[in-house]
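Below you'll find the structure, written out as structure tokens, and then a few comments.
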Amino acid sequence: MQKELPKSTKLTKPTLFGIVNITEDSFSDGGLFLDPDEAIQQGIDLASRHGADVIDLGASSSHPDAKKVEPQEEIQRIQPVLHSLQKKGFSISIDSFQKEVQSYAIVQKTDYINDINGFCDPSFYPILADSDCKLIVMHSIQRVGIADRQDSDPTCLALRIREFFEERIEQMNRAGISSNRLILDPGMGFFLGSNPESSLYVLSQISELKKHFQLPFMVSVSRKSFLGKITGKDIKNRQFATLSAEIYAWLAGADYIRTHDTEALRDGLNVWLSIEAKQVANTQIRDD
């Protein structure tokens, strides 16, 4: 009789968030999915064919050169896509830092709200407390608004991220928002600084941060500029660098990975897990 394999933390797949940008100026795919039908089809493809567990809908860009989108425009862009994908039974995340859009997401009973400002307005916490969606609390050196271009000292970031999350978790807990609804995102790319060393340093600290907070972590490195600076590749040619950084983040303990290319990540994870399962089985046989 074949014995059950011993459990291993590495044998757990991360939850994959497939990005659908319903925008005109996202840094890597702006304009491709601004049409609702194109966005809906992209969501279907990501979830049905390419391994996405959650479809992350964003209707406003957050890179340093992004145009401001008013909350009502965000909602108008999201509405037909959200309704269509929900009818098909897909799990949905709304990526927005604007309270009006977050309120809309709560009313529509989305599964996640993803906030690059880490829910910075305590006056909104009672509304969040009355909801039951998961909340992705992201750290950024900007704290409020979209990313900008500023230098940062990589060696100070781990402490800064710890202090940010400790303060934010305490505030949210006091307002009645349970920690079991929180997912922590340390930020990447321009959200950590214009120098690639900042993102590399924080990636190297993921396991320590997760150990400290004992909460699930999300990492989103997909196609980001720091990968381009390291490899010299433009946005269209960062898929290999992205996959490498994503696999590293997963092995470091990331529970959620937000990515444009869920298919490549799914395949990479499946290969890694298959090899690891064989290694565990062989070790068990030797031990027996």
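The values are calculated or read from the model by the stated rules, or taken from the named source; none is laboratory data. Fair warning: this is a prediction, and the values are worked out from it, not measured in the lab. Glycine also receives a Cβ, built like all others from the backbone with ideal geometry; neighbour counts cover every protein chain displayed.
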Which pairs do you get when a residue that is over 26 Å from Gly189 (Cβ atoms), found in the stretch 125-150, comes within reach of a residue that is of a type in the set (A, V, I, L, M, F, W, C) and surrounded by fewer than 18 Cβ atoms within 10 Å (Cβ to Cβ), reach meaning Cβ atoms under 6 angstrom, with the pair 6+ apart or on two chains?
Tyr125/Ala175; Ala129/Ala175; Ser131/Ile106
Which condition number in (1) within 25 Å of Lys99 (Cα to Cα); (2) of a type outside the set (Phe, Trp, Tyr); (3) part of a helix (DSSP H, G or I) is the one that Leu157 fails?
(1)
Tell me, which residue of the stretch 119-146 that is β-branched (Val, Ile, Thr) and touching a helix residue (DSSP H, G or I) at 6+ places or on another chain (Cβ under 8 Å) is farthest from Val107 (Cα to Cα)?
Ile141
Assess whether Ile247 counts as being closer than 25 Å to Asn21 by Cα and assigned to a strand (DSSP E or B).
no
Considering only residues of the stretch 24-68 that are in contact with a strand residue (DSSP E or B) (Cβ under 8 Å, 6 or more places away or on another chain), modelled with pLDDT of 95 or more and aliphatic (A, V, I, L, M), which is nearest to Ser225 (Cα to Cα)?
Leu57
With the condition being within 16 Å of Leu182 (Cα to Cα), I'd like the helices (runs of 4 or more DSSP H) fully within the stretch 53-146 carrying at least 1 qualifying residues.
99-107, 125-129
Can you pull out the residues in the stretch 206-224 that are in contact with a Gly (Cβ under 8 Å, 6 or more places away or on another chain) and under 20 Å from Asp95 (Cα atoms)?
Phe217, Val221, Lys224
Kindly indicate which of Phe90, Phe124 is at pLDDT 95 or above, farther than 22 Å from Gln41 by Cβ and among the hydrophobic types (A, V, I, L, M, F, W, C).
Phe124
Would you check if Glu74 is among the acidic types (Asp, Glu) and closer than 21 Å to Val137 by Cβ?
yes
Determine which member of the set Arg238, Arg258 is surrounded by 17 or more Cβ atoms within 10 Å (Cβ to Cβ), over 15 Å from the mean Cα position of the chain (by Cα) and among the charged types (D, E, K, R).
Arg238
Hits in the stretch 79-120 (condition: under 15 Å from Val69 (Cβ atoms), of a type outside the set (S, T, N, Q) and surrounded by fewer than 20 Cβ atoms within 10 Å (Cβ to Cβ)):
Lys99, Glu100
